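The values are calculated or read from the model by the stated rules, or taken from the named source; none is laboratory data. The model shown is predicted, which means the values in this text are computed figures rather than measured ones. Here the Cβ positions follow ideal geometry from the backbone for every residue, glycine too, while neighbour counts run over all protein chains shown.
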Amino acid sequence: MSEYETFRKPGKLKLKGEKNKSKKRKHKSHKSTQDTIQTNTDTIKHGNWWKISKAEDIVGPVAIEFGNNVYVKALDNGLFTLGAPHNDNEGPSPEEILTGVFISERKVAFKSGYDKYLSADKNGIVTGRSDAIGPMEQWEPVLENGKMALLNWNDCFMSADEEDSIIAKSKKAGNNEFLTVRSHTFKEENKYKDVPEEERGNLKQVEINYVKKFQKFQDKRLRLCKEGKKDLKKAKDEGTFHETLLDRRSKMKADRYCK
């Protein structure tokens, strides 16, 4: 495996045959199914901890894996080592679970179970002794060809030395620096990602959300229009949803924007 050092920005993977999508559509669909099966098998094999492939997914409970079923373990002296290998279908131990913090598209941070943030000292030793996130506590997930490495402020990649201590001393990422960040947070596809908070839910819930936002609570009682919801559905289809909601609130004489 050749070493790499020039990639610094996470990017999309370039798959072979990508230009000929129409000719290989059936093959691609079959491959996608195989990838899904392999991904599920891998997740189950690691105790339902799934492999992260995007920096934005490094949030909440995470574990850093070197090799197979071997995770970075926090010590009470602020240092880190590789824990004992786990059997299949086992996840990381409590002391091997970190908290991921997504900072930006290129930067993340990790907090140990001792509530300290990971960094590398001037000697390249990875420690967890910082109470806050500064430039030294930020790591850059570097992705290429399905592999990940973590780059620290000193332009060196995280790895483990011969004594299993966690370090960041190599400016090149090779086999020793390749790792897997795993998450235990299973999130549903966020269908409301680009939807304002007030408009999340069914029509009834949306109307309640807007009433709560704009109603003048004098007696602390929620006032909803008693007319049917058919006009709301029609208004949503015709693009006059917000105007209709305002009209319904005005009939209750409880909206701060209604005369």
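Does region 113-130 contain at least one residue that is on the phi > 0 side of the Ramachandran plot and either more than 17 Å from the chain's Cα centre (by Cα) or hydrophobic (A, V, I, L, M, F, W, C) (or both)? Reasoning before the result, please.
Filtering region 113-130 down to residues on the phi > 0 side of the Ramachandran plot leaves 115, 124.
Still in the list and also either more than 17 Å from the chain's Cα centre (by Cα) or hydrophobic (A, V, I, L, M, F, W, C) (or both): 115, 124.
Within region 113-130, one or more residues are on the phi > 0 side of the Ramachandran plot and either more than 17 Å from the chain's Cα centre (by Cα) or hydrophobic (A, V, I, L, M, F, W, C) (or both).
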Residue in region 82-98 that is over 22 Å from residue 170 (Cβ atoms), at pLDDT 95 or above and under 17 Å from the mean Cα position of the chain (by Cα) present: yes
Residue within region 72-80 that is surrounded by 17 or more Cβ atoms within 10 Å (Cβ to Cβ), modelled with pLDDT of 95 or more and either closer than 13 Å to residue 185 by Cα or not assigned by TED's automatic domain parsing to the domain that holds residue 115 (or both) present: no
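Among the residues of region 146-154, are any surrounded by fewer than 15 Cβ atoms within 10 Å (Cβ to Cβ) and over 21 Å from the mean Cα position of the chain (by Cα)? Let's see the steps before the verdict.
Quick first cut of region 146-154, residues surrounded by fewer than 15 Cβ atoms within 10 Å (Cβ to Cβ) only: 146.
From what's left, over 21 Å from the mean Cα position of the chain (by Cα): none.
No, there is no match, as no residue in region 146-154 is surrounded by fewer than 15 Cβ atoms within 10 Å (Cβ to Cβ) and over 21 Å from the mean Cα position of the chain (by Cα).
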Enumeration of residues in region 113-139 that are closer than 15 Å to residue 160 by Cα and hydrophobic (A, V, I, L, M, F, W, C): 118, 120, 125, 126
Residues of region 106-123 that turn out to be surrounded by 16 or more Cβ atoms within 10 Å (Cβ to Cβ), of a type outside the set (A, V, I, L, M, F, W, C) and over 14 Å from residue 78 (Cβ atoms), as a count: 1
Some residue of region 230-245 being modelled with pLDDT under 70, at negative phi and either outside the structural domain of residue 110 (by TED's automatic domain parsing) or not hydrophobic (A, V, I, L, M, F, W, C) (or both): no
Members of region 72-105 found to be within 18 Å of residue 163 (Cβ to Cβ), touching a Phe, Trp or Tyr at 6+ places or on another chain (Cβ under 9 Å) and part of a strand (DSSP E or B), listed by number: 72, 73, 74, 82
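From the list 75, 98, pick out the single residue that is closer than 21 Å to residue 178 by Cβ and not aromatic (Phe, Trp, Tyr).
None of the other options fit; the residue is 98.
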